[in-house]
Amino acid sequence: MNKNSLRTEDRAIHSWYRFVLAYPPHLVREYLEKFRADPERDWVFDPFSGTATTPLEARLNGFSVIGTDANPVAVLANQVKLNWEIDLELVKAQLEDVVQTATDAMRTVGLEPAFQREQQLALFDDVSSPNTLFGLIADRRNDNNGDFDPDKLLDENAQKVLPTGFISPLPLKRVLAIRYAIEKYIAYPEVRDFFRLALANTILSTAGNVAFGPEIYATRPKEDAPVLLTFYETVHRMIGHVRELVSNQTMTGPSFYVARDDARKLAVLADLPPIGVVITSPPYPNEKDYTRTTRLENVLLGYIQSPHDLRDLKERLLRSNTRNVFVNDHDDQYIRDIPAIIHLAQKIENRRLELGKTSGFEKLYHRVTTLYFGGMYRHLQQLFPRLRPGGRCAYVVGDQMSFFRILIPTAHLLADVALKVGYQVEGIEIWRNRFSTTTHKNIEKNVLILKKPE
């Protein structure tokens, strides 16, 4: 079995919204055990929390948790996945309002809800069949939804940052109708966010023309899709997961805190308890634009509404690719005295000159390398005083060969950075190897283990 695969027993809640290359929940369990973490003592923190693998799994195992991320849809995923105290009966009641309002909105623009009535579902008792959905919406007749305008929800500025070909016109209108219904009629923030995450799932699974291999790419355009049905099913499935979890609990769930934050600043930690354990996976230095992976749902949910919003997101991120390097960046000043990093950057630049590469992006490869490790220095420096003495960290990072096929041994260079900050480096463990089709070599994915001296 692939070590990075999501096990069947871990799918509930984790599967609501998950990045393709996210590390699996069992890695979190393994390192909580390896670190001998104590739920009575240790808060668990993930500063690059993504789709909440670490915070969710740690909380499921009795730990109080903190999850932060710069990406707004990631913050949404963390907030919803960790909130098991949500009023499920209220969610079910307001789902009917959302479905009916979205139905009216679709009909306003000449669309009938598209779904397959013959599909039968037996996933959970709470998942209703398409016939139930049909009964819910059959008699709706445009009830006061004349103000639904897809071009206002997704205006010209938002369309500028929507990736070309990622969604077709009819599914797009259906997604916007559901968003309209959520924003117009759902007053409770926790219920609104619950529906938003279900819609994010629906965008990727049904509405969009996207797939991952492992990078996101556009697939063959679909004329239409059963968007409302998938959203309806997804909400019911999520309700079933939470209900099952709560029914198996013998006590109130541990504390959790979620916030949007730049991992190089960690300002939100100032008033929180000391951290006992960090398990996380930061970006790696390569040419992957991490904002593109979640661009579709960020735009369609309204978190990114203009090129300015997109730039703001990129400025909050660790500098790991040439698409988010800016003129005033200076994180590289923090690692100028670490020879291995400086020599590597110079090697990348020398290779560029040897190959005669002159594009603007290629000229930035060496600078991305130094900015990345400088940004990680800032992150580790900000984290250090927030850790309790003896607190331990597991950083899941991959080696890279994106820049002219020169190996970047990420974990080993981060170990040098951590030593400069004052951490003890307890080891580097191989998590798995992945085969690169570009270089035809195995590239390591490692876990760097750090400790704050006692």
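Side notes on the structure shown:
- Amide H partners (placed H, <5 Å) of GLN400, local residues excluded: ILE408, THR410
- Full-extension gain in nm, ASP155 to GLU33, via 0.36 nm per residue minus C-alpha separation: 39.0 nm
- The range 297-376 - convex hull of alpha carbons, volume per residue in Å³: 105
- Peptides 297-304, 79-86, 266-273 ranked from most to least packed by the mean count of surrounding Cβ atoms within 10 Å: 297-304, 79-86, 266-273.
- On the basis of the beta-carbon distance and an R0 of 51 Å, SER306 and GLU454 show a calculated FRET efficiency of 0.60.
- Radius of gyration and Dmax over the Cα atoms of the range 211-280, both given in Å: 19.6, 52
- Reach of LYS152 by Cα under 23 Å, taken over lysines that are not fewer than 8 positions away in the same chain: LYS160, LYS173, LYS184
- With the helix formula -39500 (n - 2.57) applied to DSSP H stretches of n ≥ 4, the chain reaches a computed 222 nm mean residue ellipticity of -12500 deg cm²/dmol.
- Binned Cα-Cα distance frequencies in the range 339-454 - 5 Å width, integer %: 2, 11, 20, 19, 19, 14, 8, 5, 2, 1, 0
- With only Cα atoms counted, the range 254-412 has Rg and Dmax values of 17.1, 57 Å.
- Evaluating 6.51 cos²θ - 1.76 cosθ + 1.60 at θ = phi - 60° for every residue in the range 387-392, the Karplus couplings come out as 7, 6, x, x, x, 10 Hz, glycine and proline recorded as x.
- Straight Cα distances below 18 angstrom link LYS357 to the aspartates and glutamates GLU287, GLU349, with same-chain residues fewer than 8 positions distant left out.
- Taking every alpha-carbon pair under 8 Å whose residues sit at least 6 apart, the range 223-333 reaches a relative contact order of 26 percent.
- Burial order of peptide ranges 223-232, 51-60, 330-339 (average beta-carbon count within 10 Å, highest first): 51-60, 223-232, 330-339
- Values of log10 I(q)/I(0) for the chain across q = 0.09 Å⁻¹ run -0.62, by the Debye formula with one identical scatterer at each alpha carbon and no solvent.
- Legend: residue pairs LYS222/LYS288; LYS34/LYS451; LYS420/LYS451; LYS34/LYS452; LYS81/LYS265; LYS81/LYS314, Cα-Cα distance threshold 19 Å; pairs beyond threshold, LYS222/LYS288; LYS81/LYS265; LYS81/LYS314.
A short reminder: the numbers here are calculations on the coordinates, not readings from a lab. Small disclaimer: the values here were computed from a predicted structure and weren't measured. Glycine gets a Cβ as well: all are built from the backbone with ideal geometry, and neighbour counts include every protein chain shown.
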